[in-house]
Amino acid sequence: MSSNNLIKNALISVSDKTNILEIATVLIKNKINLFSTGGTSQVLKKNNILVTEISDYTKFPEIMDGRIKTLHPKIMGGILRRKDKDKKIMKLYDIHPIDIVIVNFYPFEKIKNTKKNNIDDIINSIDIGGPTLVRASAKNYKNVIVIVDLFDFQSVINSINNNTMNIEKRFNLASKAFEYTSSYEKIISQYFVKKSTFNKKNKNNFFPKEINFSFIKKQNLRYGENHHQKASFYIEKNISKSGTISTAHQIQGKTLSYNNIADSDIALECVKEFSKPTCVIVKHGNPCGVATSNYILKSYLSAYHADPISAFGGIIAFNDILDEKTAEKIINQQFVEVIIVPEITDLALKILKKKQNIRILVTGKLEKNQIGLDLKKITNGLLVQEYDSDNIDHKLWSVVTKRTPTKKELKDSIFCWKVAKFVKSNAIVYGRNEVTIGIGAGQMSRIYSTKLANIKIKDQGYNVVGATMASDAFFPFRDGIDSAASVGISCIIQPGGSIRDKEIIQASDEHNITMIFTNKRHFKH
């Protein structure tokens, strides 16, 4: 190694020991001395790799069950030393310069998600020495090469051997190291915030005084909302669960667009609300057809026929395995941008390959979001709220009219209420037999959302008699009730809470409509 006079000593302290033997062997071949902590040094020694244990070098043992290993002046001095200024002090205390630091941390994210671990086990797994080594090395990047991603090792060695390990490469490694420590601290911070929040009844503690987010780029997008806008897709670091658009794998089709991802997220989160085989079709941020049944093919056909005009070029999400019959029906019946499934059969995939441009996202097992934060960016600001993860319990609802709902009307009320949560306000959802038959979305007044739903059912020629209507918020006037009654709605589910509730209830009784108050609204802006 032509630069051997510059690179003499390396410190290795890793929790994830993947490829560490190969890395250590390369360092030894390049005549670089190895220093290591107890666990890592034991692995190296067992494989006959010459290594100096840090406790032997510092003449100070690992103590407190390994809590203190590397926090010693001889280690920190070797990392933080300045070539021109600190030679005298290093010689006085026999401090060796450390030129390469290879570190990764205890897997806090994995440990905290292991059910058998209690809070003490989890807190004990917080790495102290590792982040200190990494920060010190990154701070002194001009003199120390810091590696937190073992995949960077070979390129570092190549650069050293080729005398191309310049200051820019060192700086980039330091930048990556600080990102690594920042992400690690963020995971720990979020854990503590959740623990302090969800163990307390005081909801004022839910939001921290300061929020810092860490996202990594998953992919560049074709464009943003419009062709002239550039866009990229970023996801949270260290996502621990599957079943989201962020963790989904695209197995076919063109690159996703900004709008594809936004609509896909709505479709997937909506379909998660249902346990029976369900299909959700989304277009421009709103469900246009939703159906649930005992068979995925029947659910798809019902969702499609609910609004075939809007379904053109839409996003389709399923909560069950996609089979070949359903796949065949989709490509023969409509133009579709994205299909989202937890799983897909080989035959179904073979059929969909006939339409290579269809984007297919496989999510894996689906789980509803129970806790978390929902974010909305505004100019120079951020709106933060809890996810609208309301679990429906119809026993808490109130029937406020003279007539009570039938079993069918109650079932359709639950179905429509789930859908309404994902329709932009003002939201009106008509449903019958657990199929949407008319949706009015995003209007400035509730009566116009109702009129829009009426137009759709008229255009489709639906028989609405006996159908259920869901409204995401209360009716300010009785005109919405009268409009719904005019097409045959027999059951209405809404939050209640209007100053004219008595008038609304009276209108329902006049039309022999049964009305349910949920006492909870589902605005979506």
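Here is how the numbers come out for the structure above:
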| item | result |
| --- | --- |
| Selection count, the stretch 469-483, where residues are within 38 Å of the chain's Cα centre (by Cα) and surrounded by 24 or more Cβ atoms within 10 Å (Cβ to Cβ) | 6 |
| Residue match in the stretch 75-90 (condition: in contact with a strand residue (DSSP E or B) (Cβ under 8 Å, 6 or more places away or on another chain), at pLDDT below 85 and either more than 22 Å from F178 (Cα to Cα) or not small (G, A, S) (or both)) | no |
| Residue count, the stretch 446-502 (criterion: over 22 Å from P287 (Cβ atoms), part of a helix (DSSP H, G or I) and touching a helix residue (DSSP H, G or I) at 6+ places or on another chain (Cβ under 9 Å)) | 5 |
| Answer residue from the stretch 92-101, given it is of a type in the set (A, V, I, L, M, F, W, C) and touching a residue at least 24 places away in the same chain (Cβ under 8 Å) and is nearest to V134 (Cα to Cα) among those | V101 |
| Filter result for the condition that a residue is farther than 30 Å from V435 by Cβ and touching a Gly at 6+ places or on another chain (Cβ under 7 Å), over A311, A231, A306 | A231 |
| Of all residues in the stretch 240-253 being in contact with a helix residue (DSSP H, G or I) (Cβ under 9 Å, 6 or more places away or on another chain) and surrounded by fewer than 16 Cβ atoms within 10 Å (Cβ to Cβ), the one that is farthest from T181 (Cα to Cα) | I251 |
| A306 being within 21 Å of D472 (Cα to Cα) and modelled with pLDDT under 95 | yes |
| Selected residue (criterion: surrounded by the most Cβ atoms within 10 Å (Cβ to Cβ)) from residues of the stretch 314-333 that are under 25 Å from the mean Cα position of the chain (by Cα) and assigned to a loop (DSSP other than H, G, I, E, B) | N319 |
| Hits in the stretch 359-373 - residues which are modelled with pLDDT of 95 or more and over 16 Å from D323 (Cα atoms) | R359 |
| In the stretch 427-458, the residues that are without any contact (Cβ under 8 Å) to a residue 60 or more places away in the chain and surrounded by fewer than 24 Cβ atoms within 10 Å (Cβ to Cβ) | N433, Q443, M444, S445, I447, Y448, K451, L452, N454, I455, I457, K458 |
| Count - residues of the stretch 122-142 that are farther than 11 Å from V101 by Cα and aromatic (F, W, Y) | 0 |
| Members of the stretch 75-91 found to be surrounded by fewer than 18 Cβ atoms within 10 Å (Cβ to Cβ) and either among the aromatic types (F, W, Y) or under 14 Å from G129 (Cβ atoms) (or both), listed by number | M76 |
| Test for L410: is it touching a residue at least 12 places away in the same chain (Cβ under 8 Å) and not β-branched (V, I, T) | yes |
| Residue within the stretch 12-29 that is surrounded by 21 or more Cβ atoms within 10 Å (Cβ to Cβ) and either without any contact (Cβ under 8 Å) to a residue 40 or more places away in the chain or over 20 Å from S137 (Cα atoms) (or both) present | yes |
| Output for the stretch 388-412, where each listed residue is over 16 Å from D509 (Cβ atoms), over 35 Å from the mean Cα position of the chain (by Cα), surrounded by 12 or more Cβ atoms within 10 Å (Cβ to Cβ) and not β-branched (V, I, T) | K408 |
| T363, sole failed condition from (1) in contact (Cβ under 8 Å) with a residue 60 or more places away in the chain; (2) among the polar types (S, T, N, Q); (3) under 26 Å from F474 (Cα atoms) | (3) |
| Pairs where the first residue, in the stretch 150-163, is assigned by TED's automatic domain parsing to the domain that holds T18 and the second is among the acidic types (D, E) and not in a helix (DSSP H, G or I), C-beta under 9 Å, 6+ apart | L150/D16 |
| Top-ranked residue of the stretch 133-177 - restricted to ones that are hydroxyl-bearing (S, T, Y) and at pLDDT below 90, ranked as surrounded by the most Cβ atoms within 10 Å (Cβ to Cβ) | S159 |
| Subset of the stretch 147-181 [among the hydrophobic types (A, V, I, L, M, F, W, C) and either part of a loop (DSSP other than H, G, I, E, B) or in contact with a Lys or Arg (Cβ under 6 Å, 6 or more places away or on another chain) (or both)] | V148, M165 |
| Set K69, K59, K74, K45: member being basic (K, R), within 16 Å of I102 (Cβ to Cβ) and in the same structural domain as F105 (by TED's automatic domain parsing) | K69 |
| Complete set of residues in the stretch 314-336 that are within 21 Å of I439 (Cβ to Cβ) and touching a Ser or Thr at 6+ places or on another chain (Cβ under 9 Å) | I315, A317, F318, N319 |
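Per-residue answers, yes or no, for (1) of a type in the set (A, V, I, L, M, F, W, C); (2) under 16 Å from V429 (Cβ atoms):
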{"site": "M444", "(1), (2)": "yes, no"}
{"site": "K451", "(1), (2)": "no, yes"}
{"site": "V465", "(1), (2)": "yes, no"}
{"site": "S486", "(1), (2)": "no, no"}
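The values are calculated or read from the model by the stated rules, or taken from the named source; none is laboratory data. None of these values were measured; they are calculated from a predicted model. Note that we place each Cβ from the backbone using ideal geometry, even for glycine, and neighbour counts take in every protein chain shown.
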